[in-house]
Every structure is written in structure tokens, then in C-alpha cells.
1. Would you confirm whether any residue within segment 15-35 is within 30 Å of Arg276 (Cβ to Cβ) and touching a Leu at 6+ places or on another chain (Cβ under 7 Å)?
2. Failed condition for Gly256, given (1) surrounded by fewer than 18 Cβ atoms within 10 Å (Cβ to Cβ); (2) at pLDDT 90 or above; (3) in a helix (DSSP H, G or I), with all others met?
3. Specify the residue that is nearest to Arg242 (Cα to Cα); the eligible residues are those in segment 35-57 that are out of contact with any strand residue (DSSP E or B) (no Cβ under 9 Å at 6 or more places or on another chain) and surrounded by fewer than 17 Cβ atoms within 10 Å (Cβ to Cβ).
4. Taking Ile12, is it in contact with a His (Cβ under 9 Å, 6 or more places away or on another chain) and part of a helix (DSSP H, G or I)?
5. Those residues that are in contact (Cβ under 8 Å) with a residue 60 or more places away in the chain, open to solvent by 10 Å² or more (accessible area, probe 1.4 Å) and not charged (D, E, K, R), I need them from segment 23-34; list them, please.
6. I need every pair where a residue in segment 40-57 that is under 14 Å from Gln165 (Cα atoms) has its Cβ under 6 Å from the Cβ of a residue that is part of a helix (DSSP H, G or I) and at pLDDT 95 or above, sequence separation at least 6 or different chains.
7. Consider Ala181 carefully, then state whether it is assigned to a helix (DSSP H, G or I), touching a Ser or Thr at 6+ places or on another chain (Cβ under 9 Å) and modelled with pLDDT under 85.
8. Please determine, by comparing only the residues of segment 133-143 that are open to solvent by 30 Å² or more (accessible area, probe 1.4 Å) and out of contact with any Ser or Thr (no Cβ under 7 Å at 6 or more places or on another chain), which one is nearest to Lys78 (Cα to Cα).
Amino acid sequence: MARAIERIERDIAAIKEAIRAIAVELQTAYASYLNTLGLAVRKQLILASYHLCTQGYPENFLHLSLNQRQQLQQAIRKLGQVAAEQLLACIKSEEAGVDERDEGYEGDEGVTSSSSFGLLDTSNSQSLTTDTSNPIELVKWQQNLEEVTQEILKKLSHDANVLIQKSGILPKKLPEPILAAAAAAASEASGEVMPGPPNLLNLVIEIENEQQSEDSGLTQIMAINLRLGEIEFADVTLSSERRQIRSILVQLNKLGREYQKKHRERAIAEAEAAWRASWFE
């Protein structure tokens, strides 16, 4: 029985080593992906702003002076630059020493890791470290990274809409909830979604008259709504890097199943050994 447990331990060690290698590969893939995404986001933000100003509200844009137009364009470029920097800040590598925690993962004791990941949560600027030999923690890290990425795009869309509204292009009467909805998925917005250029939300909404609540009118609005799927679709390099990430995650899921299976086998073998050790006729 002791030999069986030793064999299982060797299998677990080999799986953990393979997971560490996958973790490094996943981190490298995301670093490249987020760099490419930052460039693509800047480009798509400018294109969406161009369509909004020239096709959505051309009259309002023409009312701006040359200086006002240049200031708006510069501010839009700045928003894109900041978002690209935030995307890069989402992921970083941290060299860590031996993990000295008393409690390990999934029954492990004295887990050691030669490296760990740090994910910068831009909402609270906290760094989350992850044991790269544990598939469950690694998946949580990856999911958190995706969530932060989506939040950056959502905030960028909202900030761009507010900027364009303050410049006098988007209607001043446009309520804040509509701007917030435009930054979220189109299905979450109130109104009928209409087809249009990518990364723009084209809506027909009903706004009640403040003077006579029984009177209302349909108003068509256009607002920026940067969507990750559309950004990836428009960029061949970004799409390729997303496919690479998916391929790595498939490998991680396979190793994760083997990891759980071996931990189960070890628990059973240890329980059987403990039963025999304590059994007396």
C-alpha cells in the first residue's frame, strides 16, 4: 500500500510540473494577447468615435469649432491610450520563493512553487497571487483576468460617451442610465437595437416628456459600446492569439481532470492504509 501511495505521489508531482509549464505558456499568451488587444482597442475606439460623429450626429459635430474638434479627438486618443496601459497592467509575472503556508491546496501540505502569477485588479489595485501548480486556482486567475478585461472595455465605452456628450455631440437630455446601458451588452439596454457599425449601440428609445408625462416620443440614439467579440473579429492577429489561449485552456482542463483524479486515488489509498493500521481483531 505504501508503494501505491508513493506511485500516486509521483504521478501528482508530474502532473503539477506539467501544469506549471501550462501556466507559463498561458501567461505568455495572455501577455501577448493583451498587448495586441490594447492596440486594437485604440483603433476601434477611434473608428467608433468617427462613425458616431460623422454618421450618428454629423450636424452636432459640424457645430464644433476646429479647435473643439481637435481637442475632442485628442481626448479620445488619450482615453484609448490609458485603456491600453490598463490592459497591460492586468497581468504581470512575480518571482516568488517557497510557499510557507501551513495549509496547501486540495490536501497538499507544504506546497512549493517556483513562480506565481499576480493579477492587478484595476478596481481596487490589489494583486492576487496564484499557485501555478494548482489548476483550480489557475482557472480562477484566468477567469478574473477576463472579467477585468471586460470591465476596462465597459468603462472605456462609458467614459468615451460622457466625453462626446460633454462636447455637445450626444444629446444633453440623454439620461445617464442610457449611457450606462450603452457601455454594457446591447441586450441589457432599454429599447430596440438596430444594425449599424461595429462597437456602436444604435437604439430607438422612448423618452417621456417632462412637462406632460402622458406624452412621449421615440428617439434614436447612437453611442459607443466596445465589444470584445467585435474587436477580435476585426483583428486577425488578435483572433489568432485568442485561439491559442483557448487551445492552452483545453490542455489545462485535461490536466485538471487528471489532477483531481489522482488526488482522489491518493485519498482512497491513504484511507485504506489508515483503516488497516487501526484495525484489530
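1. Yes: one or more hits.
2. Gly256 satisfies all of (1) surrounded by fewer than 18 Cβ atoms within 10 Å (Cβ to Cβ); (2) at pLDDT 90 or above; (3) in a helix (DSSP H, G or I) except (1).
3. Checking each candidate, the answer is Asn35.
4. In short, yes.
5. Of everything in segment 23-34, those that are in contact (Cβ under 8 Å) with a residue 60 or more places away in the chain, open to solvent by 10 Å² or more (accessible area, probe 1.4 Å) and not charged (D, E, K, R) turn out to be Val24, Gln27, Ala31, Ser32.
6. Ser49/Ile76; Cys53/Phe61
7. yes
8. Once the filter is applied, the top-ranked residue is Gln143.
The values are calculated or read from the model by the stated rules, or taken from the named source; none is laboratory data. Keep in mind that what you see is a predicted model, and the values were worked out from it rather than measured. We place every Cβ from the backbone using ideal geometry, glycine too, and count neighbours over all the protein chains shown. Just so you know, the surface numbers come from the protein's heavy atoms only, side chains and all, with ligands and any DNA or RNA stripped out. Shrake-Rupley method; radii C 1.70, N 1.55, O 1.52, S 1.80 Å.
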